[in-house]
Structures are given as C-alpha cells and as structure tokens.
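Written out below as structure tokens is the structure these notes cover.
Derivation of every value follows stated rules applied to the coordinates shown; laboratory data play no part. Computed from a predicted structure; not experimentally measured. With ideal geometry, Cβ positions are generated from the backbone for all residues, glycine too; neighbour counts draw on all protein chains shown.
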C-alpha cells in the first residue's frame, strides 16, 4: 500500500469515529434529559388536601417572613405618627433592637434594619397570642389593615410551636402575601 491509500482509509476511519462520538454524546444527553419529569408531570405539594374545587389563598409556612410591601415613607401621615409613638414606647434597647412589649405568651420588638415589628409567640395557644398582640397595636389607634403595611410580622419561637401550629402565618389577620 502506498501513502495515498493510507490517507483515504484514515479519512474513512476518522469520519466513522466522529460519527460514533456524536451518537454517544446525543444518546447520553437524551438519557439524562429523559429521566427528568416535565412541570406537568410533577405533582404539586399542598399543605392540606383540597376538599373543594375552589382555590383558596396559599398559606405560608410558619416563620416564613414576607418582606414589607411599602416603605415607611409611603405610609399615610396618621400611620407614620402612630408608628413613631409605638417605637417611642420601647421598654428596652437590645443592641439597636427595641423591645416594645413583653408578656408570658409573646414579645414585640422593632428591628430597625429591616424596618419590621416582630411579634415572637412564646407559647400556645399561638392564635390567641397573635390576636392579643394585634390588639396591642390596635390600641395605639391603628386599623387592622395598617398592620400589614406597618409592617408587623409574627414568628413562632420554638420548634414545638411550629409543629403544633402548621397553618400559622407570619402575616397579621386579613393580610395577603
């Protein structure tokens, strides 16, 4: 065999090798993608079984904090004034975080950095503590809807509370995420 014959056989072998490599790459890509489910095939997880076809608003998991929708500057003037009165009612300053109220069942703090009033529920019944804390804010002259924009957020302080109150939401009553 001369050099020209080797060249033509080499080109044929090279082309065959390239085709085989391409087939292997395509086959492995299909096998990787073929194992994934599409969005329609993945069942949606819900916190409770749906008993009626009507959709309800989604519930937030305990301690999922929804960020404020409004800045303090965009609040109505009367709400701004009441907000300042609430902040001024502090009973302790813990390294910049202001303790506003403390009871056996809940505590209220104002955290300036994210600009949020946090109500920490300390023991059950959590819903009763939440209602009492909301009343504390309402006693300053706020409306229930003002608590959404102030913003007030609720957290459960222990794992046991989160387990016994799986449908607890961090938002005040009547607020939507």
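Sorting 113, 135, 89 by the number of Cβ atoms found within 10 Å of their own Cβ, with the fewest placed first, yields 113, 135, 89.
How high is the relative contact order of the range 68-125? Use alpha-carbon pairs under 8 Å, at least six apart in sequence, and give a whole percent.
20
Evaluated at q = 0.15, 0.17 Å⁻¹, the base-10 log of the normalised Debye intensity for the range 76-174, with identical point scatterers placed on the Cα atoms, takes the values -0.56, -0.72. Each peptide in 151-161, 136-146 was scored by the mean count of other Cβ atoms within 10 Å over its residues; highest first, the order is 151-161, 136-146.
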